[in-house]
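**Student:** Once you've had a glance at the structure underneath, I'll fire off some questions.
The values are calculated or read from the model by the stated rules, or taken from the named source; none is laboratory data. In this text the structure is predicted, and so the values were computed from the model without any measurement. Positions of Cβ are backbone-derived with ideal geometry, glycine not excepted, and every protein chain shown enters the neighbour counts. Calculation scope for accessible area: heavy atoms of the full protein, side chains included, ligands and nucleic acids excluded. Shrake-Rupley method; radii C 1.70, N 1.55, O 1.52, S 1.80 Å.
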Amino acid sequence: MDTRANQTGADAGHGISFNEAFRVWLRVACLSFGGPAGQIAVMHRILVEEKKWISEGRFLHALNYCMLLPGPEAQQLATYVGWLMHRTAGGLMAGGLFILPGIIAIMALSYIYAAYGNVSFVEALFFGLKAAVLAIVVEAVVRVGKRALKNRIMIALAAIAFVAIFFFAVPFPIIIIAAGVIGYIGARQGRPEFAPAAHGHGDSSAVIDSMLGDAVPDHVKPDTGRAIRVGALWLALWLVPVIALLAAFGQANVFSQIALFFSKMALVTFGGAYAVLAYVAQQAVEHYHWLKPHEMLDGLGMAETTPGPLIMVLQFVGFMAAYRDPSGLSPMVAATFGGLLATWVTFTPCFLWIFVGAPYIERLRGNTGLAGALSAITAAVVGVILNLSIWFALHTLFRETAPVHAFPFAFDRPVLTSVDIPALLLAIAAATAIFRFKLGMLTVLAGSCAAGVVLRVAGVI
């Protein structure tokens with residue numbers, strides 16, 4: 001047995017204990033609102049700026065890799081950083097805690113929804129929360145953009161990425177691949193615009209970078225044998241339950257359908273949940289008849305306004321699917337199992353991608369061509385985050401949007417007459433609190449939630 005896997009923070013070279021890391025990751029998890037843009041912003045603020053656990057360069061390097069993977073990039077980024085600091089146990093803790101508040105919140109709201117069909121008080125709370133999260137997301141775009149867009153080339157790449165994905169619905173992987181190719185070629189030609197920022201962004205106190213330094217710990221070094229063993233373990237954890245359900249109940253059973261469908265979703269959610277939610281909604285509503293259209297929207301609203309990745313809406317879908325077809329069990333028992341099953345097959349692959357791939361990605365950090373490619377991808381990611389931010393703003397500030405399909409355009413536009421005045425005013429107030437008065441995130445979130453409840457009591461919303 002490798003006793004080094006159980007090293008304390010001090011033994012690992014950075015002095016951060018596992019217990020201290022647990023408290024910080026729990027804080028990150030509880031503040032992970034607002035979709036990937038907000039979640040990345042929270043992690044960047046706490047890990048890079050406040051705690052100085054990881055440098056700007058290494059944070060963006062890890063983020064670039066996670067953006068290329070299927071699944072929720074913010075959860076995988078947490079897993080990656082946790083793994084760097086405290087090996088596999090750290091990755092499990094960081095990645096697991098990241099989704100735990102969302103699992104609990106979505107499950108609780110699902111119980112209320114299935115039993116009563118009315119979560120008005122909670123909706124009022126979340127109404128205010130969404131306005132604050134929108135301001136936090138905008139701040140994230142500004143902060144990350146300032147650091148990543150160092151020259152006109154990078155600004156142009158971010159702008160092109162935004163226009164491509166927002167107005168023309170260009171698939172996310174194509175944007176990232178194109179940016180990577182441009183960056184690789186530019187770096188190989190010696191173009192200074194594609195030179196990566198110095199690791200640490202001038203801050204040599206980042207503990208992970210100090211820890212790794214020239215003496216790279218064993219767990220960060222690529223090892224083919226270990227990669228095969230780790231891959232086999234996580235594939236088994238992911239697929240054995242799926243195979244067991246199929247063998248026991250057949251493909252027509254609702255639990256087998258949940259396991260198969262959401263396993264497939266785990267493989268195709270490139271670019272985060274936004275890229276696949278329309279397909280999930282269509283299949284869940286029209287093909288499987290697990291939910292009604294308005295129920296899918298209600299579930300999306302829950303996922304948007306609770307901690308954790310937006311893809312947590314899949315837990316609600318699995319919950320309602322099994323609630324409607326309990327297969328001989330109590331409806332609530334079946335629903336609980338269905339929701340947790342959907343969550344298991346959605347997130348287990350995320351750990352597989354990180355624990356197998358991260359050592360190889362760390363090894364490539366010094367490669368000039370790859371560094372240029374990742375610098376360009378970072379710029380494109382800023383454009384993608386801006387797209388996510390505007391998507392979130394449209395659905396927060398307007399009650400209705402209308403699809404625009406006029407070749408080659410394909411995007412949603414707001415229905416101006418449906419502007420939500422209370423949401424707009426709350427968002428402006430939250431933005432003023434953050435940008436003008438520099439109030440803390442928790443203060444702004446709490447104040448906005450309280451405002452939402454007051455507006456509901458007053459009959460405004």
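**Student:** Quick check on my filter: what residues within region 360-370 are of a type outside the set (Phe, Trp, Tyr) and open to solvent by 10 Å² or more (accessible area, probe 1.4 Å)?
**Tutor:** Narrowing region 360-370 to residues of a type outside the set (Phe, Trp, Tyr): 361-370.
Correct list: 361, 362, 363, 364, 365, 366, 367, 368, 370.
**Student:** May I ask you to list the residues in region 385-416 that are in a helix (DSSP H, G or I), open to solvent by less than 50 Å² (accessible area, probe 1.4 Å) and touching a helix residue (DSSP H, G or I) at 6+ places or on another chain (Cβ under 8 Å)?
**Tutor:** Residues satisfying the conditions are 385, 387, 388, 389, 392, 393, 396, 397.
**Student:** For region 237-253, give me each residue that is of a type in the set (A, V, I, L, M) and touching a residue at least 12 places away in the same chain (Cβ under 8 Å).
**Tutor:** Residues of region 237-253 of a type in the set (A, V, I, L, M): 237, 239-240, 242-248, 252.
Hits for region 237-253 are 237, 239, 242, 245, 246.
**Student:** Another question about this same structure. Would you say residue 122 is assigned to a helix (DSSP H, G or I) and of a type in the set (Val, Ile, Thr)? Before the answer, list the steps.
**Tutor:** Values: assigned to a helix (DSSP H, G or I): yes; of a type in the set (Val, Ile, Thr): yes.
Yes.
**Student:** A follow-up question, please. Without any contact (Cβ under 8 Å) to a residue 24 or more places away in the chain, of a type in the set (Ser, Thr, Tyr) and either touching a Lys or Arg at 6+ places or on another chain (Cβ under 8 Å) or closer than 21 Å to residue 142 by Cβ (or both): is that true of residue 401 in this structure? It would help to see each step written out before you state the result.
**Tutor:** Values: without any contact (Cβ under 8 Å) to a residue 24 or more places away in the chain: yes; of a type in the set (Ser, Thr, Tyr): yes; either touching a Lys or Arg at 6+ places or on another chain (Cβ under 8 Å) or closer than 21 Å to residue 142 by Cβ (or both): yes.
Yes, satisfied.
**Student:** Moving on to the next point. Of the residues in region 281-330, how many are open to solvent by 30 Å² or more (accessible area, probe 1.4 Å), modelled with pLDDT of 90 or more and either of a type in the set (A, V, I, L, M, F, W, C) or in a helix (DSSP H, G or I) (or both)?
**Tutor:** Qualifying residue count for the region: 3.
**Student:** Could you tell me how many of the residues in region 220-236 are of a type outside the set (S, T, N, Q) and either within 12 Å of residue 359 (Cα to Cα) or touching a residue at least 60 places away in the same chain (Cβ under 8 Å) (or both)? So that I can check it myself, show each step before the final result.
**Tutor:** Just the residues of region 220-236 that are of a type outside the set (S, T, N, Q), to begin with: 220-223, 225-236.
Those still in the list that are either within 12 Å of residue 359 (Cα to Cα) or touching a residue at least 60 places away in the same chain (Cβ under 8 Å) (or both) too: 220-223, 226-227, 230-231, 234-235.
Here the count works out to 10.
**Student:** Going by the conditions given, is residue 342 farther than 29 Å from residue 90 by Cα, modelled with pLDDT of 95 or more, open to solvent by less than 20 Å² (accessible area, probe 1.4 Å) and not acidic (Asp, Glu)? Walk me through how you get there before you give the answer.
**Tutor:** Working: farther than 29 Å from residue 90 by Cα: no; modelled with pLDDT of 95 or more: yes; open to solvent by less than 20 Å² (accessible area, probe 1.4 Å): yes; not acidic (Asp, Glu): yes.
Criteria not met by residue 342.
**Student:** Of the residues in region 187-231, how many are modelled with pLDDT of 65 or more, open to solvent by 60 Å² or more (accessible area, probe 1.4 Å) and not in a loop (DSSP other than H, G, I, E, B)?
**Tutor:** Going through region 187-231 one residue at a time, the tally reaches 6.
**Student:** Also: Give me the pairs: first residue in region 130-157 and of a type in the set (Lys, Arg), second residue not in a helix (DSSP H, G or I), beta-carbon distance under 6 Å, and six or more apart or on different chains, which are they?
**Tutor:** These pairs meet every condition: 130/305.
**Student:** Confirm whether residue 135 is out of contact with any Pro (no Cβ under 9 Å at 6 or more places or on another chain), of a type in the set (Gly, Ala, Ser) and open to solvent by 10 Å² or more (accessible area, probe 1.4 Å). Before you say what the answer is, go through the steps one by one.
**Tutor:** Working: out of contact with any Pro (no Cβ under 9 Å at 6 or more places or on another chain): yes; of a type in the set (Gly, Ala, Ser): yes; open to solvent by 10 Å² or more (accessible area, probe 1.4 Å): no.
It is false that residue 135 is out of contact with any Pro (no Cβ under 9 Å at 6 or more places or on another chain), of a type in the set (Gly, Ala, Ser) and open to solvent by 10 Å² or more (accessible area, probe 1.4 Å).
**Student:** Looking only at residues in region 45-60 that are touching a residue at least 40 places away in the same chain (Cβ under 8 Å) and within 16 Å of the chain's Cα centre (by Cα), which one is least open to solvent (accessible area, probe 1.4 Å)?
**Tutor:** 60
**Student:** Okay, moving on. Picking from 382, 419, which residue would you name as being open to solvent by less than 50 Å² (accessible area, probe 1.4 Å) and modelled with pLDDT under 90?
**Tutor:** Numbers: 419 fails: modelled with pLDDT under 90.
Exactly one of 382, 419 is open to solvent by less than 50 Å² (accessible area, probe 1.4 Å) and modelled with pLDDT under 90, namely 382.
**Student:** Is there a residue in region 102-110 that is hydroxyl-bearing (Ser, Thr, Tyr), open to solvent by 10 Å² or more (accessible area, probe 1.4 Å) and modelled with pLDDT of 80 or more? Talk me through it step by step, then tell me what you get.
**Tutor:** Keep residues of region 102-110 that are hydroxyl-bearing (Ser, Thr, Tyr), which gives 110.
Those still in the list that are open to solvent by 10 Å² or more (accessible area, probe 1.4 Å) too: none.
There is no residue in region 102-110 that is hydroxyl-bearing (Ser, Thr, Tyr), open to solvent by 10 Å² or more (accessible area, probe 1.4 Å) and modelled with pLDDT of 80 or more.
**Student:** Shifting gears a bit: For residue 129, all conditions in the list (1) under 14 Å from residue 354 (Cβ atoms); (2) surrounded by 18 or more Cβ atoms within 10 Å (Cβ to Cβ) hold save one; what is the number of the exception?
**Tutor:** (1)
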